[in-house]
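Asker: Structure provided below as structure tokens; questions to follow.
The values are calculated or read from the model by the stated rules, or taken from the named source; none is laboratory data. If you're wondering where the values come from, they're calculated on a predicted model, not measured in any experiment. Here the Cβ positions follow ideal geometry from the backbone for every residue, glycine too, while neighbour counts run over all protein chains shown. Keep in mind that these areas ignore ligands, DNA and RNA; they rest on the heavy atoms of the full protein, side chains included. Shrake-Rupley method; radii C 1.70, N 1.55, O 1.52, S 1.80 Å.
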Amino acid sequence: MEHLNDPEVLERLYRADTKGFRLAFLSLYPAVSTHPMAPFWKARLDADSESLPANFVAPGDILALVLASLIGGILIKLPDLFGFSKEITMFYERYAALIVFFGLTLYTVLTKEIRNTKQIVFIALVFLVSAFYVNLLPVGSESHSTNLAYIHLPLMFWCLYGLVFVDFDLRTKAKRIGYIRHNGDLAVLGAVVLIAGGMLTGITLGLFSAIEVDIEKVYIEYIVVWGLVSSPIVVSFILRKYPFISSRIAPVIARVFSPLVLLTLIVYLGSIIASGKDPYNDREFLLVFNLLLLGVMAIIIFSIPETSLGRRQRFNEFILLGLTLLTLIINIVALSAIFYRLGEFGFSPNRTVVLGSNLLIFGNMLLIMIDLTRVVFGNKEIRQVENTIAAYAPLYVGWTVFVVFILPWIFGLR
């Protein structure tokens, strides 16, 4: 979009990543079709695509899919293979996220054909060090700082997966936004795949039950567990091969879902006032309040990249601005309640993490609100909001690493 009038830069981008360039251009084509350069690139890319059948799948893609799924499935079944208890070791709670993201990252490394030795060593070290570190943390303890480390581990692996997804290019903000958009697509299509898998499981168990053959334990232990680990890899494969499946669904969901969330949030906040509930003295309600804050923030961040595709959507921009304002209000109330509880009870692992997370979210939402205000009432494009989100992302990465590796030892694993 920025270099439509610069053919040399476009050619360099095309040569650097032919497939990625083609997918990006075709998704943006409706918005740039009137530009003089657009018909030329459309004809060129269409001609390139004619050299392969529409349903062509490279053998390397199939091999990467099978290999990553096989390794992920074997790792998740380690307790059964080596005869130790899943329950006593809390194997799934401690290692499931690591295994899922390892399979997903491995698939991405294989399909992107990463050959840089330093990058491969870095990826391997992160997973090995994380596995060793998790093994050092106490099992089944009531340590809040340890539990917080377990909760934040998936977020850290998600950051590593993002680093691989953007080809270790930390300077290009467009790639960070591409990763955020990819996660939205992954969530939408992943939900569809899981629903289909659930239906298949129900039908299969029902059919075998009808002939009095009990396969439930074996089916759940092997097919279901293996399928859950492999499903993100399968979804990534589908998105890689058929990118327009999600590119048509995700924007529709963003347009429809955002207004409904805004309406629900307004009614909910009104109900809080009417019911007299307050997060200052009710710890459980404060937790729900913070979960609500995280959910709405995620909807805003994932909706903005979808809203930026195609023609300008004034209605959605107003909806996103309204959502951001309400999120800031919720955030301010939550922060005031947290500061109140800190004054009453002092610092603890939970209160420290909640405070840090809320301060991070407040800064992010404030910057997004300022940009959205300029978009709605000024002449700014919504891509400016995308750039703000991309620039802020490393702060979340740093906070996640702090909670996982430093916080438990500050509080002495309590």
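Asker: Does residue 375 satisfy being within 30 Å of residue 131 (Cβ to Cβ) and touching a helix residue (DSSP H, G or I) at 6+ places or on another chain (Cβ under 9 Å)?
Answerer: No: the conditions fail for residue 375.
Asker: Shifting gears a bit: Is it the case that the stretch 389-412 has a residue that's assigned to a helix (DSSP H, G or I), buried (at least 18 other Cβ atoms within 10 Å of the Cβ) and over 21 Å from the mean Cα position of the chain (by Cα)?
Answerer: Yes, the conditions are met somewhere in the stretch 389-412.
Asker: Under 7 Å by Cβ, and 6 or more places apart or on different chains, what pairs join a residue from the stretch 340-361 that is open to solvent by 30 Å² or more (accessible area, probe 1.4 Å) with one that is not in a helix (DSSP H, G or I)?
Answerer: Cβ pairs passing all conditions: 340/280.
Asker: While we're looking at this one, here's another question. Residue 89 - would you say it is touching a residue at least 40 places away in the same chain (Cβ under 8 Å), hydroxyl-bearing (Ser, Thr, Tyr) and open to solvent by 30 Å² or more (accessible area, probe 1.4 Å)? Quick ask: steps written out before the conclusion?
Answerer: Values: touching a residue at least 40 places away in the same chain (Cβ under 8 Å): yes; hydroxyl-bearing (Ser, Thr, Tyr): yes; open to solvent by 30 Å² or more (accessible area, probe 1.4 Å): yes.
It is true that residue 89 is touching a residue at least 40 places away in the same chain (Cβ under 8 Å), hydroxyl-bearing (Ser, Thr, Tyr) and open to solvent by 30 Å² or more (accessible area, probe 1.4 Å).
Asker: Out of everything in the stretch 375-385 that is open to solvent by 10 Å² or more (accessible area, probe 1.4 Å) and assigned to a helix (DSSP H, G or I), what residue ends up being nearest to residue 181 (Cα to Cα)?
Answerer: By that ranking, first place goes to 383.
Asker: Could I ask something else about it? Are there any pairs with C-beta distances below 6 angstrom linking a residue in the stretch 226-243 that is closer than 21 Å to residue 97 by Cβ to a residue that is small (Gly, Ala, Ser) and open to solvent by 10 Å² or more (accessible area, probe 1.4 Å), with the two at least 6 apart or on different chains, and if so which?
Answerer: 227/197; 230/69; 233/69; 235/190
Residue-by-condition table, conditions (1) among the small types (Gly, Ala, Ser); (2) surrounded by 11 or more Cβ atoms within 10 Å (Cβ to Cβ):
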position	(1), (2)
191	yes, yes
204	no, yes
214	no, no
224	no, yes
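Asker: Examine the stretch 206-225 for a residue that is assigned to a helix (DSSP H, G or I) and within 18 Å of residue 20 (Cα to Cα), and state whether such a residue exists.
Answerer: Within the stretch 206-225 (the criterion being assigned to a helix (DSSP H, G or I) and within 18 Å of residue 20 (Cα to Cα)), the answer is no, since none of the residues qualifies.
Asker: Something else about it: Among residues belonging to the stretch 72-87 that are part of a helix (DSSP H, G or I) and among the small types (Gly, Ala, Ser), point out the one that is nearest to residue 226 (Cα to Cα).
Answerer: Top of the filtered list is 73.
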